[in-house]
Amino acid sequence: MRLVLDLFLIGCLLVIVIQDFKHRAISWYVLPIILLGFIFKSYFSNGFQELLKFSAFNISFIIVQIVFLTTYMSIKNKKITNIIDSYIGLGDVLFFVVMCLAFSPANFIVFYISSITFTLVGFLIYKQIVKNASVEIPLAGAQALAMIVLLVMSNFTQLNFYSDDYLLSRIA
């Protein structure tokens, strides 16, 4: 059952990768499907209480990030600035929310920070190679690609998205 769910999620995430890298936009209807997939995955791994607790923390983390970024850009621009669709796409933000259901808090923070860092570094390298490249970064697509890699890895290692034990054992 787990393998079938992972293969389904990989297929849906691949749609986001292709759409975002090709069109710099993603179809909204794929996100609820992925959301439901991660709800089932989380529910079967940890139960409903942990799902709610982890999701609430992770969504709060994203909200804090958006509030800080909005505040920073508003101060920088000397006026109230809506960062969505001017600095970050709505699809990216919705994808963040969907990914909140895919991880325990520590795993989510590591995924979020590392995937954004690798995306920015990769995009900067890409911009140096392709001089007329678009200035829009396919963030949701890059994060979806990272998630695909993690889903594949989780089937061959002890990586558990809903437990911080594996992550902590690798750090210590």
*Cβ-Cβ under 8 Å pairs, at least 6 apart or on other chains, region 30-51 side without any contact (Cβ under 8 Å) to a residue 60 or more places away in the chain and farther than 25 Å from Asp20 by Cα, far side open to solvent by 70 Å² or more (accessible area, probe 1.4 Å) and aliphatic (A, V, I, L, M)*: Phe44/Met1
*Taking Lys131 and the conditions (1) under 29 Å from Phe8 (Cβ atoms); (2) without any contact (Cβ under 8 Å) to a residue 60 or more places away in the chain, which numbered condition does it fall short on, given that it satisfies the others?*
(1)
*Which helices (runs of 4 or more DSSP H) does region 15-109 wholly contain that include 2 or more residues that are closer than 26 Å to Asp164 by Cα and open to solvent by 90 Å² or more (accessible area, probe 1.4 Å)?*
30-46, 48-77
*Any chance you could count how many residues in region 4-14 are β-branched (Val, Ile, Thr) and open to solvent by 60 Å² or more (accessible area, probe 1.4 Å)?*
1
*asked:* Checking Tyr162 against (1) open to solvent by 40 Å² or more (accessible area, probe 1.4 Å); (2) assigned to a loop (DSSP other than H, G, I, E, B), only one condition comes out false. Which one?
replied: (1)
*Filter region 110-159 for residues that are among the aromatic types (Phe, Trp, Tyr) and either over 24 Å from Phe57 (Cα atoms) or surrounded by fewer than 19 Cβ atoms within 10 Å (Cβ to Cβ) (or both) and give the result.*
Phe118, Phe123, Tyr126, Phe156
_For a quick check of your reading of the model, give me the residue pairs whose first member lies in region 1-18 and is under 15 Å from Met99 (Cα atoms), whose second is not in a helix (DSSP H, G or I), with beta-carbon atoms closer than 8 Å and at least 6 apart or on different chains._
Asp6/Asn155; Ile16/Ile26
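The values are calculated or read from the model by the stated rules, or taken from the named source; none is laboratory data. Computed from a prediction, not measured in an experiment: that's the story for all the values here. So basically every Cβ, Gly included, is an ideal-geometry build from the backbone, and we count neighbours across all protein chains shown. SASA here: full protein model, heavy atoms, side chains in, ligands and nucleic acids out. Shrake-Rupley method; radii C 1.70, N 1.55, O 1.52, S 1.80 Å.
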